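One structure below.
Coordinate-derived values only; no laboratory data. Treat the numbers as computed from the prediction; the structure is a model and nothing was measured. No Cβ is skipped: glycine too gets one built from the backbone with ideal geometry, and neighbour counts run over all protein chains shown.
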Amino acid sequence: MTQNNKNPISLFLRNHRKALNLKQSEFAAALGMSVLSYRRIECGIGSPKIDTLLKIAEVFKADLHQLLICNLSLPVQAKLRTLTKYIHYELLQQHELHKKYKAELVDILGNVGDRQPYELEREEFLEKAIRNTNARIDEITKDLMEICNFGESV
């Protein structure tokens with residue numbers, strides 16, 4: 001197969017795999033994926049799923065950020081680094097809100113006996129807030145993947 005380099009990590013994969021003196025079949029086995037799927041990623045035809053990226057980072061002893069920006073120009077890398085820090089911060093905030101709402105809801109639901117109207121209203125609010133934080137976390141994750149331009153996943 002010829003290399004398309006459509007995927008920003010395909011060249012990184014090929015160079016690092018060869019530096020480790022691994023065959024595509026050996027590396028695919030280490031990732032727990034088929035050789036065909038790995039070849040598609042390395043040739044730039046397919047794009048890896050996030051769990052595949054994490055496995056690749058583990059095998060190459062690289063961080064995920066390095067894999068995501070490896071073929072970008074330095075100014076674009078700097079902008080992406082700033083953007084991913086902001087997204088990461090927002091993601092952490094949403095997770096903290098989610099934990100806080102869940103803990104408060106558990107406290108309310110743990111009260112045995114008749115609940116006051118304000119507790120019922122608070123329970124409804126918390127359930128809605130939990131759904132909203134879950135939706136926001138999903139949106140943030142989707143935005144991050146779009147920023148990294150991974151397109152179709154393998």
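Beyond 28 Å in Cα-Cα separation lie the following of the pairs Lys23/Lys142; Lys61/Lys85; Lys18/Lys85; Lys18/Lys79; Lys49/Lys128: Lys23/Lys142; Lys18/Lys85; Lys18/Lys79; Lys49/Lys128. Between amide H atoms placed 1.01 Å from N, distances below 5 Å from Ser47 occur with Val154, all of them 5 or more places distant or on a separate chain.
What the Cα atoms of segment 99-142 give is an Rg and a Dmax of 12.5, 42 Å.
Quick one, can you get me the convex hull of the C-alpha atoms of segment 10-69 expressed as volume per residue in Å³? Please report the intermediate quantities before stating the final value.
Numbers: hull volume 4.3 nm³, N = 60.
Looking at segment 10-69, the number lands at 72 Å³ per residue.
When peptides 43-50, 83-90 are ranked by their average number of other Cβ atoms within 10 Å per residue, the highest-first order is 43-50, 83-90. Cα extents for segment 74-147 along the principal axes, largest to smallest and rounded to whole angstrom: 61, 15, 14.
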